[in-house]
Amino acid sequence: LLVEKGTGKEVFAQAIHSASKRKTKTFLALNCSAFSKEILESELFGHKAGAFTGAAAKDKKGLIEEANEGTLFLDEIGEMNIDLQAKLLRVLETNEFYKVGDSKSTKVNVRIIAATNRNLQKESKNGHFRLEGFYRLSVFQITLPSLNERAEDIAEFAHVVTKIFADKMNKRVPKISNELSSALKKHNW
């Protein structure tokens, strides 16, 4: 997904998952820019017990393994360290990976959906993103317009979000006033 902030990329990734044969399996999401290289590696690939200082006393599954047979959404993929991109590329090419500190590979069947607001082809030319990773991830590209470009959709989104929270709180769905709808359309998303 090629996206700007505020496009609803995770919602879109969940919609892809929900419309697929994997819909009954796990959907997980991870923001690649939210972690240091070391923590991101452990979060994605898991680790063997005691693999590094602070590692859990027992083996830890990573999100790639947790999402086996399902979908893993990687937000801000352009922020991923180039060394980790090589490990992710192995998953994309062979459907296997090594946990941190493990000498035995783990097989998976996971769909990866990745999102970025960066031009990864340009980042590849500048040495910031692996070109082969770009091609593996670019099998199917979708460019999502920002919410600012879809002002007519804002009232519907507001209704859906309001309904979700009203249902959770067992309340009646409130009507969105014209004033609120107008203010939401004028907001810079």
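Would you kindly calculate the translational diffusion coefficient of the stretch 84-189, applying Stokes-Einstein with the Kirkwood radius from alpha carbon pairs, for 25 °C and a viscosity of 0.890 mPa s, and quote it in µm² s⁻¹ without decimals?
My calculation gives 137 µm²/s for D.
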- Query: Under the definition of Cα pairs under 8 Å and six or more residues apart, what whole-number percent is the relative contact order of the chain?
  - Reply: 25
- Item | 1.4 Å probe accessible area per residue over the chain, in Å² | 60
- Message: If each DSSP helix of 4+ residues adds -39,500 (n - 2.57) and the sum is divided by the residues in the chain, what number results at 222 nm, nearest 500 deg cm²/dmol?
- Response: -11000 deg cm²/dmol
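Counting only protein heavy atoms, what percent of the accessible surface of the stretch 27-136 is carbon or sulfur at a 1.4 Å probe?
Its accessible area is 44 percent carbon and sulfur atoms.
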- In debye to the nearest 20, how big a dipole does the stretch 41-189 give about its Cα centre with +1 on each Lys and Arg Cβ and -1 on each Asp and Glu Cβ? 260
- Message: Just to check, using Stokes-Einstein with a Kirkwood Rh over alpha carbon pairs, what's the diffusion coefficient of the chain at 25 °C and 0.890 mPa s in µm²/s?
- Response: 132
- Item | Computed lengthening from residue 20 to residue 105, 0.36 nm per intervening residue step minus Cα-Cα distance | 27.9 nm
- Could you work out which residue, out of 159, 17, 128, moves most in a Gaussian network model of the chain, that is, has the largest mean-square fluctuation with Cα springs under 10 Å? 159
- Task: Could you name the lysines whose alpha carbon sits less than 18 Å from that of residue 186, not counting residues in the same chain fewer than 8 places away?
- Result: 5
- Positive end of the charge dipole of the chain (Lys, Arg +1 and Asp, Glu -1 on Cβ, about the Cα centre): tell me which of 84, 12, 162 has its Cα farthest that way. 162
- Item | Reachable lysines, given that their alpha-carbon falls under 28 Å from the alpha-carbon of residue 21 and they are not under 8 places away in the same chain | 9, 60, 61, 87, 99, 107, 163, 168
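The values are calculated or read from the model by the stated rules, or taken from the named source; none is laboratory data. Predicted model only: the values in this text are computed from it and were never measured. All Cβ positions, glycine included, derive from the backbone under ideal geometry; neighbour counts span all protein chains shown. Heads up: the accessible areas ignore ligands, DNA and RNA and are worked out on the full protein's heavy atoms, side chains in. Shrake-Rupley method; radii C 1.70, N 1.55, O 1.52, S 1.80 Å.
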